[in-house]
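Below is one structure, written out as structure tokens; the observations come after it.
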Ligand SMILES: [Fe+3]
């Protein structure tokens, strides 16, 4: 099958800069009154179906310092493994689960999402991928948004068969995408993200 | 809604041309030194997780979300500075319009000062300027907003580095893999060519893609100048059908 030839070039990326919060989480940046709430802050509604979980991560730079000015977005399937559009262009209300979240990190570089555990999504080979959440990270000093995934430690069997994890030839680097589970009021999945160094997270060209 | 691929049509995006984007590590922009990944990116290929993405409804927008002159006004006064309209079309690499996609923007005020607690530049805060806005592209991919021209500002990088006047943009597209943040500059500004952040873009033609053109035809007489800034997102190699087709 012939593919069309691209006629335009993608607009080059530029860093989100140190003041990304002004544009993406203005209430967090103490610019109040423009938006009712920062978009993507709350992912759950009382009608959301699925197991409540917390995703917690810490972003660390190559010097071992927390990246205290990042914004993280996640995109994930619902509990049945389907992707929902948060809002159709002409709808007046969001569905019970949008699949999209956005959080600023705190001064310690830590972000927290209250969400649900996603169901398995079909991979390109038709086989299900292990449950995962897609992450996109921007900050000062990041010239192009970093794309990665979070997998769940208690899905060992599914993880072992996941085609993305298996593309990572070094099994130690595979571990950089697998969040450990901690018990709490709701299960908490913890993943530290290293931008650089021995423990550097696997980032994707997608 | 789940994505359904036609047989023989994988719906994948064109491979991203990383030689057109800034590399991760750019020594002239010192903040990248400890924040640039050093390992090669892992090529993933297309899955539903990357080929779908959030969409947003026009009903999320407030009436002043695309009017930075007025959306933070404390006393009814409009923001101080050169009044202007910024508009443009969001397209994909196949030159097809990207409708109904969220575009967010943020900027310094006319003096080059951001409203941010970590910002220390001595230029004055404008009490009526917040510095952020958003809109959703129309059915032809067009967006527009009113604002004031941001000032240039100094920043800690080299001993005496200045950012040219610029507006930050965040765009979603319809796939999570299209997600893009960039910056817009102004035609004719000599400071563009001495900026270490602009200089992270390897190709001069790539930098020129970030420069908005003065558009005399769309100025508002006796009110506001107009600048046009088109944004190109990644395009699909072939068609992906979803339950509801939205200009993928
Ligand atoms: Fe800036």
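No lab work stands behind these numbers, since they all come straight from the coordinates. Computed from a predicted structure; not experimentally measured. When we count neighbours, we look across all protein chains shown, and the Cβ atoms used for this are built from the backbone with ideal geometry, even at glycine.
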**OP:** Please build a GNM for chain A, connecting alpha carbons under 10 Å apart, and tell me which residue among A:164, A:190, A:110 fluctuates the most.
**Re:** A:164
Subject >> Square roots of 5 times each gyration tensor eigenvalue, C-alpha, segment B:120-238, largest first, Å >> reply: 25, 21, 15
Original post:
Which semi-axis lengths, in whole Å and largest first, follow from the square roots of five times the eigenvalues of the Cα gyration tensor of segment B:1-131?
Top reply: 36, 25, 13
Original post:
Using the count of nearby Cβ atoms within 10 Å as a rough guide to exposure, how do A:24, B:222 rank from fewest to most?
Top reply: B:222, A:24
Subject >> Average projected area [Cα convex hull, segment B:57-99], square nanometres >> reply: 4.5 nm²
Original post:
Restricting the count to DSSP beta bridges whose residues both fall in chain B, what percent are antiparallel, rounded to a multiple of 5?
Top reply: 75 percent
Subject >> Order of A:192, B:92 - criterion: other Cβ atoms within 10 Å of each residue's Cβ, fewest first >> reply: A:192, B:92
**OP:** For each of A:186, B:148, count neighbouring Cβ atoms within 10 Å of the residue's Cβ, then give the residues from fewest to most.
**Re:** A:186, B:148
Original post:
Over segment A:72-206, what number does the Rg to Rh ratio reach, with both radii from the alpha-carbon atoms and Rh per Kirkwood?
Top reply: 0.96
Subject >> segment A:1-55: Cα Rg divided by the 2.2 N^0.38 Å rule of thumb >> reply: 1.87
**OP:** Grab every C-alpha pair in segment B:74-138, bin the distances at 5 angstrom width from 0 up to the longest one, and report whole percents.
**Re:** 3, 14, 20, 18, 14, 12, 10, 6, 2, 0
**OP:** Let me know the Rg and Dmax you get for segment A:124-183 when you use only its Cα atoms, in Å.
**Re:** 13.0, 38
**OP:** For chain A, set up a Gaussian network in which alpha carbons nearer than 10 Å are linked by springs, and say which option among A:47, A:132, A:21 fluctuates the most.
**Re:** A:47
**OP:** Report, please, the projected area of segment A:41-131 averaged over directions, based on the convex hull of its C-alpha atoms, in nm².
**Re:** 7.8 nm²
**OP:** Please work out the Kirkwood hydrodynamic radius for segment A:1-159, using every pair of different C-alpha atoms, and report it in angstroms with one decimal place.
**Re:** 17.5 Å
Subject >> Largest to smallest principal axis extent of the C-alpha atoms in segment A:100-141, angstrom >> reply: 41, 25, 15
Subject >> Extent along principal axes [Cα atoms of the protein assembly as shown; Å; largest to smallest] >> reply: 65, 45, 45
Original post:
How large is the Kirkwood hydrodynamic radius of segment A:32-78, in angstrom, based on all distinct alpha carbon pairs?
Top reply: 14.0 Å
Original post:
Expressed as a rounded percentage, what relative contact order does segment B:129-209 have, with Cα pairs under 8 Å and six or more residues apart?
Top reply: 18 percent
Subject >> Tail beyond 31 Å, pair distance distribution of chain B (Cα, percent) >> reply: 30 percent
Original post:
How high is the relative contact order of segment A:96-153, in percent, counting Cα pairs under 8 Å that sit 6 or more residues apart?
Top reply: 20 percent
Original post:
So what's the gap between the Cα centers of segment A:20-70 and segment B:23-40, to the nearest angstrom?
Top reply: 24 Å
